[in-house]
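Here the structure is laid out as structure tokens; the discussion comes afterwards.
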Amino acid sequence: MEFLLSEEQLEIQDTVKRFLDKHCPSTALHSYFDDPAQLPEAIWQGLVEMGVPALIVPEAFGGMGMTLLDLAIIAEVLGQAAAPNPLLGHTLATQALIYAGSPAQQEKWLPKLASGECLASFATAESGNWLAPSLSCVNGNITGQKQHVPHAEHAQLIVVALAGGRYALIEQGATGLEISAENVADRTRPLASLNLNDCPAELLDGDCGNAAEPILNTALVLLAADSFGGAAQCVDMAVDYAKTREQFGQPIGKFQALKHQLANMAVDVEPMRGLYWHAAYAFDQEPETASRQAALAKAHLSDRFLHVARETVQAHGGIGYTWECDAQIFIKRALFNYTFMGNAGLHRKRAADLADW
Amino acid sequence: MDLKYNASYEAFRQQVVAFLGEHWPAPDSAGDSRAEKEAWFRRQAIAAGYLYRGVPREFGGSEQEPDILKATIIRDEFSKRRAPMEAPGIGNMMLVPTLLECGTQEQKERFIPKTLTGEYHWAQGYSEPNAGSDLASLRTRAELVEGENGPEWSINGQKIWSTLAQFAQYMFVLARTEPEAGKHAGISYLLIDLKNPGITIRPIKQVTGGKEFCEVFFDDARTPADWIVGERGEGWKVSKATLAHERSSIGGAQTAVGLFEKLVELAKGVEYQGVTAIDHPQIRERLVTLEGYVQSHLYSSYRQLSMAAAKQNAGRIGLMNKLINTNIGHMVADIAKDLINDAALLMPPAKGRAEGDEKWLNQFFGSLGVAIAGGTSNIQRNIIAERGFGLPRDDAE
């Protein structure tokens, strides 16, 4: 019984954290934020060099064959820095190939995804529907629309979720593929809509049972982990501000009203690290509880992140409402984490249905 | 990360299970009453090394190497089988650890063994009508006077919120012995026999109608000069040594999980707006929302347990566990009052007496008491902000 990260896990988490301290401090974060059309190249290259996209890829395909927990603790650190990065879509595309690709498709794509030679993304949402895609691939072509595809303009490969738990690959530049950027709030993970018009696609035709579940659970766990990092950073920012900002001749952190607000935020945030750890652990070790734990974790952590991010804006007073304050970036990331792949209401309903109540 | 216990711990668990199989329920030869059977069982469990693991053998404990995982296994298996754990009450929770830390050899020999077996019941004499959250402003005085058998403390003043003092034989009391010294420096930690003259105990009827707390009045009540724990004027420090021994968060998280499971069972058995409550979308959403907090607390406690076992400091989360538990209690009460519907019009029944849904009102009202006892929720927030975040202290302190 040891519910702790290993030395190796702490080490890789720390490596990524030190990298982000250097390459994604507040000033760099704001320049990325103000120019969302650019891929955050330095951050992505850094993650590639540290082996992050290779973590969960099986060793047979050039990866490291590690667990979702190993990746989730990196997502936490990325969330803490609010780092602009395309890891979410890339990871979901990778999981689609792992769980639904044929050996030939895996052989062709997974080494490139692991090495970062190819950046991929994942398209599932259709008009607010995240979990039951309706598109299909007819004679090697797809027609229809997809929304909210992360970093779609920069991805060389897009995995498109289809009806019946099927997936297809579309390559950047394919005929009939039209990508239009959405005017999103969270510019650290810009989204685009796809308009597919007889767009050539390759069905994933592996024999991997129900791939939809592990792909969804991966998304939910990573969003939960990111939410923990973001929420913890919000608490730290609000506490730091309370120590330095002075009014009425004293640091505002001496006022009890603010102390209590900050304490309540921390009481929400501190314990929920265990919930996302456990959701990742369940994915890796306890498959029978994985879906329920992932749904519960995503709903709870993203919901509390959003709440704490709102409190953080309040705790900063006027400066918190400005574009130049980091708080505005965190509250937008929180809203992304809350909404992407379905909001808390949806996943709480799923958790209740999966509980055998 | 591994939530399973390794082979040597699993072997230990098997030993505990085998022990319980042989000793609980206790055989008829162990005694006639439940109390006799429990006392017999506790003696066996102490001999086997399962209870009072931190207390030396010479004072009646089982003196085991500290091992938080073994302690967890023992508690899990004992509670599965509903076997008696360590005798409940403030004596074992607070006085015994304090005496072990700060008491004289004579005090330890005299008080610890019979407190462990449950023969001695203790009451706590800390709070006063004008010293609640601001405990160090307490005004109960004690002065050394010449008694019939040598020097004695003469105690005058009033204590309040002493849990079950009406059934206790002894009390540990914080009293001001050095009136010239500062607020904290003038306090001593005294023990007193509640049968002594000059002591009046008056139970307080609480919001539930029960009487678990008392006012205790001292009017020249005497206690021997050497019934002081630690030195004169060191009582504040001695009382903090006790706080450090209060139960870890782990039990609290398991209690929260148990309470949540009972709430789900309640929802399966009652109607809500014409359907079984557990099938109603509002109730399902509220239960899962609550479960997010409950499971966070559970896995956070697993993390803290693992860190304690690895001799790591878990940091400020340790300051938050009480408030987290309290908040969960409020959320449970909030859902329970809707599930029990018009049973919420009734008085909560005396504990263990009624089968009706109104028994949830004990949890409903009790959750308010939890938010106050042992440091109110607002005091917990101050502690988190000042000790956890390092924010500047209030001038009032």
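The values are calculated or read from the model by the stated rules, or taken from the named source; none is laboratory data. The model shown is predicted, which means the values in this text are computed figures rather than measured ones. When we count neighbours, we look across all protein chains shown, and the Cβ atoms used for this are built from the backbone with ideal geometry, even at glycine. With ligands, DNA and RNA removed, areas are computed over all heavy atoms of the protein, side chains included. Shrake-Rupley method; radii C 1.70, N 1.55, O 1.52, S 1.80 Å.
Please find, among A:Ala83, A:Ala72, the residue that is in a helix (DSSP H, G or I), touching a residue at least 60 places away in the same chain (Cβ under 8 Å) and open to solvent by less than 10 Å² (accessible area, probe 1.4 Å).
Answer to the check: A:Ala72.
Among the residues of region B:34-84, write down those that are within 18 Å of B:Val96 (Cβ to Cβ), among the acidic types (Asp, Glu) and outside any helix (DSSP H, G or I).
B:Glu63 - this is the single residue of region B:34-84 that is within 18 Å of B:Val96 (Cβ to Cβ), among the acidic types (Asp, Glu) and outside any helix (DSSP H, G or I).
If you take the residues in region B:281-297 that are more than 20 Å from A:Met272 (Cβ to Cβ) and open to solvent by 30 Å² or more (accessible area, probe 1.4 Å), which one is nearest to the other protein chains (Cβ to nearest Cβ)?
B:Arg284
How many of the residues making up region A:250-280 are surrounded by fewer than 24 Cβ atoms within 10 Å (Cβ to Cβ) and in a loop (DSSP other than H, G, I, E, B)?
Result for region A:250-280: 1.
Please pick out the residue among A:Gln38, A:Gln9 that is surrounded by fewer than 19 Cβ atoms within 10 Å (Cβ to Cβ) and modelled with pLDDT under 95.
Only one candidate qualifies: A:Gln38.
Out of the residues in region A:1-26 that are within 13 Å of another protein chain (Cβ to nearest Cβ) and among the aliphatic types (A, V, I, L, M), which is nearest to B:Ala7 (Cα to Cα)?
Among those that are within 13 Å of another protein chain (Cβ to nearest Cβ) and among the aliphatic types (A, V, I, L, M), it is A:Met1.
Criterion first (open to solvent by 50 Å² or more (accessible area, probe 1.4 Å), more than 9 Å from chain B (Cβ to nearest Cβ) and either in contact with a helix residue (DSSP H, G or I) (Cβ under 6 Å, 6 or more places away or on another chain) or in a helix (DSSP H, G or I) (or both)) does A:Asp205 satisfy it?
Answer is no for this residue.
Is one or more of the residues making up region B:14-31 among the aromatic types (Phe, Trp, Tyr), open to solvent by less than 40 Å² (accessible area, probe 1.4 Å), in contact with a Leu (Cβ under 8 Å, 6 or more places away or on another chain) and at pLDDT 90 or above?
Looking for residues that are among the aromatic types (Phe, Trp, Tyr), open to solvent by less than 40 Å² (accessible area, probe 1.4 Å), in contact with a Leu (Cβ under 8 Å, 6 or more places away or on another chain) and at pLDDT 90 or above, one finds none in region B:14-31, hence no.
Any residue at all in region B:95-117 that's among the small types (Gly, Ala, Ser), open to solvent by less than 60 Å² (accessible area, probe 1.4 Å), more than 14 Å from chain A (Cβ to nearest Cβ) and not in a helix (DSSP H, G or I)?
yes
Does region A:208-249 hold any residues that are more than 26 Å from B:Glu386 (Cα to Cα) and open to solvent by 30 Å² or more (accessible area, probe 1.4 Å), and which are they?
A:Cys208, A:Gly209, A:Asn210, A:Ala212, A:Glu213 - these are the residues of region A:208-249 that are more than 26 Å from B:Glu386 (Cα to Cα) and open to solvent by 30 Å² or more (accessible area, probe 1.4 Å).
Just to be sure, is A:Arg292 part of a helix (DSSP H, G or I), open to solvent by 10 Å² or more (accessible area, probe 1.4 Å) and farther than 25 Å from A:His30 by Cβ?
So A:Arg292 passes the test.
State the number of residues belonging to region A:258-317 that are at the interface with chain B (Cβ under 7 Å from one of its Cβ atoms) and hydroxyl-bearing (Ser, Thr, Tyr).
1
Could you go through region A:166-175 and let me know if any residue there is surrounded by fewer than 23 Cβ atoms within 10 Å (Cβ to Cβ), touching a His at 6+ places or on another chain (Cβ under 6 Å) and either modelled with pLDDT of 95 or more or part of a strand (DSSP E or B) (or both).
No.
So, in region B:293-314, exactly how many residues are polar (S, T, N, Q), within 24 Å of A:Arg348 (Cα to Cα) and within 22 Å of the chain's Cα centre (by Cα)?
Of the residues in region B:293-314, 2 are polar (S, T, N, Q), within 24 Å of A:Arg348 (Cα to Cα) and within 22 Å of the chain's Cα centre (by Cα).
Just the residues that are within 30 Å of A:Met1 (Cβ to Cβ) and either among the polar types (S, T, N, Q) or not assigned by TED's automatic domain parsing to the domain that holds B:Ile73 (or both), please, taken from region B:11-34.
Once the filter is applied, which keeps residues that are within 30 Å of A:Met1 (Cβ to Cβ) and either among the polar types (S, T, N, Q) or not assigned by TED's automatic domain parsing to the domain that holds B:Ile73 (or both), region B:11-34 yields B:Gln14, B:Gln15.
With (1) assigned to a loop (DSSP other than H, G, I, E, B); (2) buried (at least 17 other Cβ atoms within 10 Å of the Cβ); (3) modelled with pLDDT of 95 or more as the list, and B:Ala385 as the residue in question, which single condition is left unmet?
Of everything listed in (1) assigned to a loop (DSSP other than H, G, I, E, B); (2) buried (at least 17 other Cβ atoms within 10 Å of the Cβ); (3) modelled with pLDDT of 95 or more, B:Ala385 misses just condition (1).
Within region B:340-347, can one find any residue that is away from every other protein chain (no Cβ under 14 Å), under 22 Å from B:Val257 (Cα atoms) and open to solvent by less than 60 Å² (accessible area, probe 1.4 Å)?
So far as region B:340-347 goes, yes, one or more of its residues are away from every other protein chain (no Cβ under 14 Å), under 22 Å from B:Val257 (Cα atoms) and open to solvent by less than 60 Å² (accessible area, probe 1.4 Å).
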